[in-house]
Amino acid sequence: MILKKFKDYLYDDRLDIHRRLYVLYVAMTTAMILILAAETFIFERKAAVFMQNIVLAGVFVLVAFIAVKTKHLKTGAVLSSIFTAFILYPIIMIKGGGVEGSGPIWFVYNVFMISMILSGGVRIVFSVFEIILTVALYLLSYFHPELFESVNGVTYYAIDVTTLLLVASNVAVVITIENRLYLQQVEKMQKQGEEIKGLVASQNRFFSSMSHEIRTPINTIIGLNEMILRENISDEIAEDAVNIRSAGKMLLNTINDILDMSKFQSGDMHLLEEEYETGSMLSDIVGMMWLRSKEKNLEFKIDVSPEVPARLRGDEIRIKQVLMNILNNAIKYTKEGYVKLSVECEKEEDRTVKMIYTVEDSGMGIKKEDIPYLFTAFKRVDESNTKHIEGTGLGLSIVKQFLDLMGGKVTVNSVYTKGSTFVVEIPQKAVSDEAIGEYNYEKRHKLERRSEYKKRFEAPEAKLLVVDDNESNLLVVTKLLRDTKMQIDAVKSGREALEKTLEKRYDLIFMDHLMPEMDGIEAFHAIRNQVGGRNRETNIVILTANAGAENRKLYATAGFNGYLIKPVTGEDLETEVYKQIPKNLIRVMDETGMESSETISWLDETRRKRKIVITTESTCDLPEKLLEKYNIVVFAYKVQTENGIFRDGIEIDTPGILRYMEDTTKSVTAISPSVAEYENFFAGVLANANNVIHLSLSSGFETSSYNTALEAAAAFDNVTVVDSKHMTCGQGLMALMAARMTEAGMGVNEIVPILNRLYLRIHSSFMLDNLDYAARAGQSSKGYARFMNALMLHPISYMKNGKFVSKGMLMGSRERVWKRYISQSLSGFKADHIVLFVNHVGLSKKEIEWIRAEIEKKEQFNAIYFVPTSPVVSISCGPGAFGISVVEKA
């Protein structure tokens, strides 16, 4: 019972671990003293010595008891160590036979225990003194052996053996228990870590849910307010409506601060860099801050250097947040006077400019001792004078963290009661040499405030389905798109949406995410897989209040064609509609509201540019309609014949190259593009794009141009080359999924890491009808090819780590071999049923339909594409070859 209680005490994790180890040390040392005292009494019958040892043990326990009760563990450990190391140990050496007795064993025990119960400098000092004492005792024993009592043979061996066994046992017990206590602490910390992770996840879910719930009514307020501004209203009403819009944006900024703080805490914050207009960004900021200043009767000043670049590249949204938080703080802490924003720049190398934003106010200022705490979350300085001022306490903390993320900095100069000056420096890339010139905010603001809504296009034949469980959201979308004359159906649930998609073909669907019964993602997959559905290939755009990069990734992975976040403006909706619906349904309108034959005039040059364009090579074997739908740009390899050099798939097609190769004496060679050709290609694409992500043929192939493309990309700041580790339709699937991610609004920094892992989920294989063409291409010997053909063996290869690896041979008739190959290609993993590609060389329509039927016997896919293999790949495959590429479900 006592032992059980003692064990429970040692493993009670509510008690301090040092306390438990100290108690263990005292218990074991006391036991050793008592056992050895008893043994000595048995062999030598010296009652006085026995009682002396009992008293020593009693004093030892008493000191430990007082130390534990009074919680002076360090003092107790020091006194106990003095007792064993400097009192008991010398006595045992002198009375127990000197160096020939059990003294040396006690020395080892003392050093071990000192290391266990003491810490820091005290441990070192005690260890050194114990060593010095031992050396002194050994020297004394050598020069004056008469000072040390001798022990008779039986007693000597008995005590020595017992001491050795006790010390070994104690050391083993201490190590075992200490290890268990350590594991117990680790387990406790892991459990606490999991609890903390759970709390952080719960906090993030709460913030995300709060953001969603607040964005929904803001969507209604801003949307319907925009409809008011479109009407013929008085200046007073227009000004009120503009103020409502500014207040809504301010509220949205506060929500973003709270959401961003949770992202910083969880390490999920990322920048989203793109081109933006400096003047428009400043107008948005000043428009909101001007209203706040007016409410407090403060003068709002703005001074913009004419040399500031007109267009920059960076994270416009985050820069807005930084400046708005600093300006908002300045306005909050200024009772009278002014708040001033100054903007200037310093030009550096490689089109880099250091943007310098200075916010100056005539407010209460900041005490010198409070400045270090300015950027601490939830910390308010000088609370005696600021407790009446409202705020979340997050603004400046968010500022500091965003600037660290962008490679910028903020400095503060302040004189208490006189005002403060915040200087923000942010490195940005200048898009062009054009400068902003003279910036007149008042003129610009008046124009924006009273700007009349201009109808940009009409699409009376286009059919739009809007799915949202909130009637206000349905009303906002319907009203904002009213002037486009689209045929709009609005439903309140995924179930109702499925009823509509079964009976009518839509050109575009806007889908909310969080809905009862069936959410937007479930509804999306149900529409894509709907038996008899008329919208299995209709573009579906998520229209949600769920903000954040992680949600963009979620929707891109699900397969949505676009991503819009609430609150949404009419311009956002019209731009997305124009991007998504067929162009033959759109009638573009000019400034007078008349139909125009020109391309869209309401998008400026940069707005017409796509944020990211996905490019790849002609080896990707993607269908033309998918290339057009997702704006994927293909760079052609070349094929060299005796008749000249031809661009792959453009100047020569697969049937043509196969006819040419019927003459076995003629040679054909695949030529990959040069660095200069890639540079020209990327430059051409960047004329219509802000960023390029290029998916290359796997670097594992001799004909791959991955390294060439990488070298060419070094000449550009915004071209990223990714090794697809695939060819043909596997490479095409990588490009297709990258394009879907761009449609969902994801940035380069989010897409590239996903692509670098995505290749593992793509299953791509190929089966040759014979090896004749492979032998002509030098990929197989002619003798081996004849041997394989004679035995009717068909080689199968699959992609692994960027290379084709043999998966064996199939023997028999073509039909039997094809069946087995199709079965093998779809086995061993769970396929994503969105799409499957079959690339082939010279198959007939009848053969294609037979393969389609065999695939559908195995699994049902939303879409199966049969694509002719590009000429540059066909020259090494030959007629009758085909491959299957599919994505494994995440």
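The values are calculated or read from the model by the stated rules, or taken from the named source; none is laboratory data. Treat the numbers as computed from the prediction; the structure is a model and nothing was measured. Please note: Cβ atoms are built from the backbone with ideal geometry, for glycine as well, and neighbour counts cover all protein chains shown. Please note that ligands, DNA and RNA were not included when accessible areas were found on the heavy atoms of the full protein model with its side chains. Shrake-Rupley method; radii C 1.70, N 1.55, O 1.52, S 1.80 Å.
Details
- Residue match in segment 257-276 (condition: closer than 28 Å to Val412 by Cα, open to solvent by less than 10 Å² (accessible area, probe 1.4 Å) and at pLDDT 70 or above): yes
- All conditions but one from (1) open to solvent by 30 Å² or more (accessible area, probe 1.4 Å); (2) more than 34 Å from the chain's Cα centre (by Cα) apply to Lys889; the one that does not is (2).
- Residue in segment 855-863 that is closer than 30 Å to Pro673 by Cβ and outside any strand (DSSP E or B) present: no
- Cross-chain or 6+ apart pairs with Cβ under 9 Å, segment 520-533 first and basic (Lys, Arg), then open to solvent by 20 Å² or more (accessible area, probe 1.4 Å) and not in a loop (DSSP other than H, G, I, E, B): Arg528/His833; Arg528/Ile834
- You will find that of Phe829, Phe837, the residue that is assigned to a strand (DSSP E or B), in contact (Cβ under 8 Å) with a residue 40 or more places away in the chain and surrounded by 12 or more Cβ atoms within 10 Å (Cβ to Cβ) is Phe837 and no other.
- Scan of segment 294-340 for residues that are of a type in the set (Phe, Trp, Tyr) and not in a strand (DSSP E or B), ordered by number: Tyr333
- With respect to (1) open to solvent by less than 10 Å² (accessible area, probe 1.4 Å); (2) more than 19 Å from Ile177 (Cβ to Cβ), the lone exception for Met113 is condition (2).
- Subset of segment 59-87 [over 55 Å from the mean Cα position of the chain (by Cα) and open to solvent by less than 10 Å² (accessible area, probe 1.4 Å)]: Phe60, Thr84, Ala85
- Residues of segment 658-675 that are open to solvent by less than 50 Å² (accessible area, probe 1.4 Å), at pLDDT below 80 and part of a helix (DSSP H, G or I): Leu658, Tyr660.
- Within segment 676-702, being closer than 30 Å to Ser797 by Cβ and either in a helix (DSSP H, G or I) or open to solvent by less than 10 Å² (accessible area, probe 1.4 Å) (or both) holds for Glu677, Tyr678, Phe681, Ile693, His694, Leu695, Ser696, Leu697, Ser698.
- Check on Ala713, open to solvent by less than 20 Å² (accessible area, probe 1.4 Å), modelled with pLDDT of 75 or more and small (Gly, Ala, Ser): yes
- Within segment 12-58, if we keep just the residues that are surrounded by fewer than 17 Cβ atoms within 10 Å (Cβ to Cβ), more than 17 Å from Gly76 (Cβ to Cβ) and within 60 Å of the chain's Cα centre (by Cα), the residue that is modelled with the highest pLDDT turns out to be Ala31.
- Condition check for Met116: closer than 23 Å to Leu21 by Cα and assigned to a helix (DSSP H, G or I): yes
- Taken over segment 543-597, the criterion of being open to solvent by less than 10 Å² (accessible area, probe 1.4 Å), modelled with pLDDT of 85 or more and over 27 Å from the mean Cα position of the chain (by Cα) is satisfied by Leu573, Glu574, Val577, Ile581.
- Residue match in segment 64-78 (condition: at pLDDT below 80, of a type in the set (Val, Ile, Thr) and out of contact with any strand residue (DSSP E or B) (no Cβ under 7 Å at 6 or more places or on another chain)): yes
- In segment 631-651, the residue that is farthest from the chain's Cα centre (by Cα) out of those that are more than 20 Å from Asp772 (Cβ to Cβ) and open to solvent by less than 30 Å² (accessible area, probe 1.4 Å) is Gly644.
- Top-ranked residue in segment 490-500 [being closer than 14 Å to Asp512 by Cα and of a type outside the set (A, V, I, L, M, F, W, C); ranked as surrounded by the fewest Cβ atoms within 10 Å (Cβ to Cβ)]: Arg495
- Among residues of segment 501-528, those that are in contact with a His (Cβ under 7 Å, 6 or more places away or on another chain) and either open to solvent by 20 Å² or more (accessible area, probe 1.4 Å) or modelled with pLDDT of 95 or more (or both), counted: 3
- On inspection, Leu481 qualifies as among the hydrophobic types (A, V, I, L, M, F, W, C) and more than 33 Å from the chain's Cα centre (by Cα).
- Condition met for Lys347 (under 25 Å from the mean Cα position of the chain (by Cα), over 29 Å from Tyr416 (Cβ atoms) and either at pLDDT 80 or above or charged (D, E, K, R) (or both)): no
- Whichever residue in segment 735-762 is in contact with a His (Cβ under 8 Å, 6 or more places away or on another chain), assigned to a helix (DSSP H, G or I) and of a type outside the set (Asp, Glu) and, among such residues, is least open to solvent (accessible area, probe 1.4 Å): Tyr759
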